[in-house]
Structures are given as C-alpha cells and as structure tokens.
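What follows is a single structure, written as structure tokens, with notes after it.
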Amino acid sequence: MNLIFTCGGTAGHINPAIAVANMMKERHPGCSILFIGATGHMEEKLVPQAGYELKCLPGSGLSRKLNPAGIKKNIYAVKCVLDAVKECKKIYREFKPDAVIGTGGYASFPALYAAQSMGIPTCVHEANAVPGVTTKLAANKANRVLVAFEESVQYYKNPAKVEVVGMPVRQEFIYTTKEEARKELGLEGHVVVSAFGSLGAKVMNETMADMMPMEQKDGFPFHHIHATGNFGKEWMPRRVRDNGVDWENCPSIDIREYIYNMPTVLAAADVIIGRAGSATCNEIAASGTPCILIPSPNVTNNHQEKNARVLENGGGAVVVLEKECTPEKIYSLVTELLADEPRRKEMGAKLHSMVRLDSTQRICDIVEELTKA
C-alpha cells in the first residue's frame, strides 16, 4: 500500500496527518508513506521529525485585497498552484499512491486536485466547524469528506459522502501518563505550559514575558515551559531578560521555539495556556490537561472561540478573550487552578469525556476502504 498525505502551514494541519500516518504504519508495516507540503513552512521540521519523507512545493496564500500588491500576490499564488499540480502528477506517476489524504494547508489543494484528475482516490479532513478554502475547493470531487464537528455537514453539497470522525490525535496524547511524562522530563512540583501555535502570537508572547517577573517575585511557584513560535523566538526571550528575569540560568523557566514532544509535555502539565484551534483543543482534551484558552481573534468565522466555548461549556476549560487578557489576569487564573487540585481533576475527567478517542482509527478504516475501491 502506498499513501500520500498532503498538509502544511501550521501544526494544526500537520499533526493530524502524522497521527493517521503513524496508525496506518502500525496496521500495515510494509506501507510506503510520502508527505507533500509547501516550501518554507512548519512541515519542513515536523514531518522529518516524525520519520517521514517529505517533498515540498512552492506555495502561497491568497490575498483578499484588490490593491496592486494583493493582485500580484494572487497571480503568484495561481502560478504556484499550476506548477504544484504539474509536479504532483510527476510524483504520483513515480510513487503510484493508492490514496491521497489532505488535512489542509497551501499544498493540499494542488495535491488533491492532481490526484482527482488522475483518478486516484482522495479524502479530505476539515478540522474546523466551518470549511476552509482548501476543503471547499477539493470536497466536490473527493471520494470522502471527513469533518470534526456534526454541524459541519450542512456546508457540503453532497452530505452522503461526509462523515463526522472528530479530530485525529497521536496515541501518545491519550495514553501517556503524568508519572511517565514527569519521569522522562525530570520534573517535580507544579508544571505550567504555554504555547500559542507554531508561528507564535505577538500579544500572547508579550503577556507571558510580562507574567514571568510575577513568577520570580513569588519564588517561582511552578515550572513554566513556554514555546515562542517562529515569530517570537528572537525578541520574546529578550523581553523576559529586559523584565529582569535571567531565564537562561533559571531552572524553573524553559523557553523554546517549539515543543516537539508535546504529548509528553502536556501529560506532565497541571495547566496549559494556549490558543483554541481544533487540533489544539482535541490534543488537550485527549491528554485531559486543564486549560486556559485565549482564542485567536484573527481567524475566519471566529472558529477558535467556538472551539474554546465547547470545552468551556463541557467544564474542561477557562476561556479568556484576547482583548481582556493581561499578565495579571492569567497569572491569577493559573495560581487559582494550581491551588485547587479537585477542580483540576474534575476538568481533566470532563475533557476526556469530550474527545472522540477513536477518530484516528475511524479515519484509517476509511483510508483502507478507499484503497480497496
């Protein structure tokens, strides 16, 4: 069996594909797997880190502006798509895939379109309640459309081929225990994790940098692991130093660009502070880690707040809108949660009850069905 996964741009597109690829490899040890992504994005780090071969194509997002710069960008984006379709067809002729699975990102549309034009079975997974551009473009000719939310079905022209499967997460998120994770990381006491996406978020990096002096003032009451993301990796640590915190020589603060071992880190954590993308919410729910969610206000259809409210209404999250977010408020919420172990245990149990633990298995079943068609 030969499978191609196409994804990219952010970890929220990449990690679900890796989760499915890992399980397909477990089910079919002789299976050949290839990833297709876009040049200059997170897939160039995450996919090889997971042990898979990756081919990258030029890719560009579309601009909604009709000024000269926007028009120029869109012309370039169309050229990238046409070139990528041609390159994908070449890859397919050599690799001979039995199916192509897309989970979103710049490379997904040309890879899916090329497969569909060659008669190769395709399926696309949409993580958010409202379909993204790639899913809308690819769904009509896809053999199967897989969605994370029941309310998503209404957005598709042919609901008969749409199936609600939830969000796939790596098995490590579900089965790694706190004891195992802390032993592996060498951590004791309370642990707090903060991460706001693979690219990072300026406002939230600033908030975390300005919260760390409060931790220092209180004698560092918890071990704080923070991921800056790509855009914050240079200036955010400097801001912490400028705030009077010598974090590089402080064993209680761990600042890094990206958390590659997130299943282990999440399992070890008592609280996580983060955004509310669909992948993030499902990973948090699978791990059962109490969370403080600050939805990004800069996403289409405000889908992150909708995701966050689902976890909040289920009793597993505290939601703070970015416009109301201050270092003092977040620090107060963190210390309040750390002081209330029964509440954290209850939040963890409710999070576990919300996640579809068989999502990855169901998607693998569907992929197997497609390869036998």
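Every residue, every condition in (1) part of a loop (DSSP other than H, G, I, E, B); (2) within 27 Å of residue 171 (Cβ to Cβ), yes or no:
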{"residue": "197", "(1), (2)": "yes, yes"}
{"residue": "209", "(1), (2)": "no, no"}
{"residue": "216", "(1), (2)": "no, no"}
{"residue": "236", "(1), (2)": "no, no"}
{"residue": "279", "(1), (2)": "no, yes"}
{"residue": "284", "(1), (2)": "no, yes"}
{"residue": "304", "(1), (2)": "no, yes"}
{"residue": "308", "(1), (2)": "no, yes"}
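Could you give me the residue pairs with C-beta distances under 7 Å whose first residue belongs to region 140-161 and is aromatic (Phe, Trp, Tyr), whose second residue is buried (at least 19 other Cβ atoms within 10 Å of the Cβ) and in a helix (DSSP H, G or I) wherever it lies, and which are 6+ apart or on separate chains? Final answer for the pair search is 156/139. For region 310-373, the helices (runs of 4 or more DSSP H) that sit wholly inside it and include 2 or more residues that are at pLDDT 95 or above and more than 28 Å from residue 168 (Cα to Cα) are 327-338, 341-354.
When the criteria are applied in full, residue 339 fails the requirement of being in the same structural domain as residue 207 (by TED's automatic domain parsing) and in contact with a Cys (Cβ under 7 Å, 6 or more places away or on another chain). Scanning region 169-201 for residues that are buried (at least 18 other Cβ atoms within 10 Å of the Cβ) and of a type in the set (Asp, Glu) turns up just one, 172. Restricting region 287-303 to residues that are over 21 Å from residue 265 (Cβ atoms) and free of Cβ contacts under 8 Å to residues at least 40 places away in the same chain, the residue that is surrounded by the most Cβ atoms within 10 Å (Cβ to Cβ) is 295.
Taking every residue in region 207-230 that is in the same structural domain as residue 250 (by TED's automatic domain parsing) and pairing it with any residue that is basic (Lys, Arg), at least 6 positions away or on another chain, the pairs with Cβ-Cβ distances below 8 Å are 209/239; 210/239; 225/256; 226/256; 227/256; 228/256.
The values are calculated or read from the model by the stated rules, or taken from the named source; none is laboratory data. From a predicted model like this one, the values you see are computed outputs, not experimental measurements. Every residue, glycine as well, gets a Cβ built from its backbone with ideal geometry; the counts of neighbours run over all protein chains shown.
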